[in-house]
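Only one structure is covered here, and it is reproduced in the block below.
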Amino acid sequence: MSFVLNTHVGQRRSKRWIVPVVYIVFLMLPLYWLLMMSFKTNQEILSTFSLWPREFTLQNYITILSDSSWYSGYINSMIYVVMNTVISLAVALPAAYAFSRYRFLGDKHLFFWLLTNRMAPPAVFVLPFFQLYSAFGLIDTHIAVALAHCLFNVPLAVWILEGFMSSVPREIDETAYIDGYSFPRFFTKIFTPLIAPGIGVAAFFCFMFSWVELLIARTLTVTDAKPISAIMTRTVSASGLDWGVLAAAGMLTVIPGALVIYFVRNHIAKGFALGRV
Amino acid sequence: MDLSWMAWTTPTATFFAVILCLILSMCVWEWISPGGQPRRGILRFETTRGDRLFVTLLGSAFINLAWLGLVGTNLWWALAVCAVYGILVFIFV
Amino acid sequence: MKSWNNKAWFLVLPVLLLVAFSAIVPLITVVNYSVQDSFGNNEFYWVGLEWFKEVLESERFHNALMRNLLFSAIILLIEIPLGIAVALAMPRRGWGVSVCLVLMALPLLIPWNVVGTIWQVFARVDIGLLGYSLTQLGFDYNYTQDVVDAWVTLVIMDVWHWTSLVVLLCYSGLVSIPQAYYQAARIDGASRWAVFRYIQLPKMRRVLVIAVLLRFMDSFMIYTEPFVVTGGGPGNSTTFLSIDLVQMAIGQFDLGPAAAMSLIYFLIILVVSWVFYTVMTQQDAEPSSGRGQSS
């Protein structure tokens, strides 16, 4: 079944799956190569060229999972990503409600200003961020990275949630107020369940952009809160690097993303349109 | 708290004070006559006063940059051009 | 019709404070730096608009800007049509949908420097599948030496990384088209092209604007992936604005010129995003142009 008139392309219909399949194969090839490399020994990677590991080994993964300087990177990343997602959603929910339900002084300009922060290149902010968080003594803490990532995640969360909230009829709000619900009670008991998919999608996006960002996270951390991606760059620049361990570390960063996508797969199409279709 | 890393100077402080005053006066103006006089100008989309102020400021930034790159460092003339540009924006856009 | 209520400001206040903390304070600082020279230890000397003039006249900035524009243009020209094509051919029901969505979204959730690492390894002539195969097939391919090869590698990497975003956006536009539209087209005997041109494309217009906007912004501020893969080389051939900026600010610690360049960079982004945003909101407003203005 595809987006075609069944009668028109009855004879071509059987071939349409080729396009997505070829595209997915293209997407999977580099990942396949990374996966295979992570199962090879460094010696095999450098000496022979083979499509699959001759001597299958899990040593690379064991190296990472038994060395705290490696695996603490994953824990650090997870901590600030979760913190960022919680903070972003907590502040974005009321704001999105305000944007979707009311007009107020300067609302459109405020909305645009929020979006410009999503569009500002992180490179511009790197240096002042370092100074700012130093002044507050927050360098090398998880909360610093979480707050810095709010710069682009909060506007995005407001944008997505506003889209979802606008599709909930206003009559629901009015009926609830007539029934004597106070605003906080209405918001938590009635409204939030109604836009649960939207919250899920917004959380997904916050997770995604915080998880994949490197430049700011690397600048604001030294050792205690250093994310896994920054630990990897350090290894890349070191001489005589171990390709197998690098590949295994990369593979381990792909897994959380894959899990998250799997959980939101049913809402993903709507979420990518930011609730605006 | 130590703020010396922000490296304030009088000219930049003045610059931000002017921007802040502009925004505040827009709020006051909006308070006195709400609605923002929406209309369709020569750019063929609806603008309010806030939009016109934004177009003015953004355009002024580029006028100043162009002046700096093409003419010279004396930006007072560029500011004069910006003032004319701003008036035109508020009349026609 | 939304009602006017200035108390809504209280709901927006937390966002405002949070984003102001992480956006306005740094931005003010950048402006302050851009008019001064610094020798470390927070000692600053007023230099006026010297840095702006220097940046505007420097060959290095022009070249980086041109490279960035060229890169954005190339990847938009490839990713948008490719994304539309894949979205059109995607299955609409059944188990295939989930499989496609999950697999296609996968590159989007890989940390950007891992994306860089994956392609750095994948394209290497000695141990990478792509580089090795190309060399075996007789191509003279080496992305660390040859400018064209480096560009091709970066473009393919970006296509690999981000086309899925376009696909998912277009797909979400397509699934919202009611089946009745297709039936009507069938009754009228519309051709495949006509269906695309008059039913599917208009319905995708809004998501396409979002796709173009996001792809332009993100490709214009691309940093991590080319930094990991080519490090800006060979020579300066893949040094984009962000790479140049970070090099200047952190590598050489030239705060003044870096700040001036940041501001010019930011202004360009601001003007483009404003144009896109205006186009987008006008599109939203157009169908309901009869709405009244409340006060």
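The values are calculated or read from the model by the stated rules, or taken from the named source; none is laboratory data. Predicted, not measured: the structure shown is a model, and the values here were computed from it. Backbone-built Cβ (ideal geometry, glycine too); neighbour counts: all protein chains shown.
A few comments on the model shown:
- Selection status of C:Tyr171, in a helix (DSSP H, G or I), within 22 Å of the chain's Cα centre (by Cα), more than 25 Å from A:Ser229 (Cα to Cα) and within 8 Å of another protein chain (Cβ to nearest Cβ): yes
- Identity of the residue in segment B:43-81, surrounded by 11 or more Cβ atoms within 10 Å (Cβ to Cβ), facing chain C (nearest Cβ under 10 Å) and among the charged types (D, E, K, R), that ends up nearest to C:Trp51 (Cα to Cα): B:Asp51
- The one condition in (1) facing chain A (nearest Cβ under 9 Å); (2) modelled with pLDDT under 85 that C:Phe220 fails to fulfil: (2)
- A:Phe204 being crowded, with 17+ Cβ neighbours inside 10 Å, among the aromatic types (Phe, Trp, Tyr) and either in contact with a Ser or Thr (Cβ under 6 Å, 6 or more places away or on another chain) or within 23 Å of C:Val102 (Cβ to Cβ) (or both): yes
- Taken over segment B:24-37, residues that are at negative phi, within 12 Å of chain C (Cβ to nearest Cβ) and in contact (Cβ under 8 Å) with a residue 12 or more places away in the chain amount to 1.
- Hits in segment C:49-77 (condition: of a type in the set (Gly, Ala, Ser) and touching a helix residue (DSSP H, G or I) at 6+ places or on another chain (Cβ under 8 Å)): C:Ala64, C:Ser72
- Condition met for C:Arg206 (surrounded by 16 or more Cβ atoms within 10 Å (Cβ to Cβ), part of a helix (DSSP H, G or I) and within 11 Å of chain A (Cβ to nearest Cβ)): yes
- Scanning segment A:128-168 for residues that are more than 20 Å from the chain's Cα centre (by Cα), in contact (Cβ under 8 Å) with a residue 40 or more places away in the chain and assigned to a helix (DSSP H, G or I) yields A:Phe129, A:Phe130, A:Tyr133, A:Met165, A:Ser166.
- Output for segment A:48-67, where each listed residue is in contact (Cβ under 8 Å) with a residue 12 or more places away in the chain and of a type in the set (Ser, Thr, Tyr): A:Thr57, A:Tyr61, A:Thr63
- Verdict on B:Arg40 being in contact with a strand residue (DSSP E or B) (Cβ under 8 Å, 6 or more places away or on another chain), more than 9 Å from chain C (Cβ to nearest Cβ) and at negative phi: yes
- Here A:Ala98 clears all of (1) modelled with pLDDT under 85; (2) within 30 Å of B:Thr48 (Cβ to Cβ) except the condition numbered (1).
- Single condition C:Gly138 does not satisfy, out of (1) on the phi < 0 side of the Ramachandran plot; (2) more than 8 Å from chain A (Cβ to nearest Cβ): (1)
- Matching residues, segment C:239-255, being at pLDDT below 85 and away from chain A (no Cβ under 11 Å): C:Gly251, C:Gln252
- Checking A:Ser88 against (1) buried (at least 22 other Cβ atoms within 10 Å of the Cβ); (2) among the small types (Gly, Ala, Ser); (3) over 30 Å from A:Thr141 (Cβ atoms), the condition it does not meet: (3)
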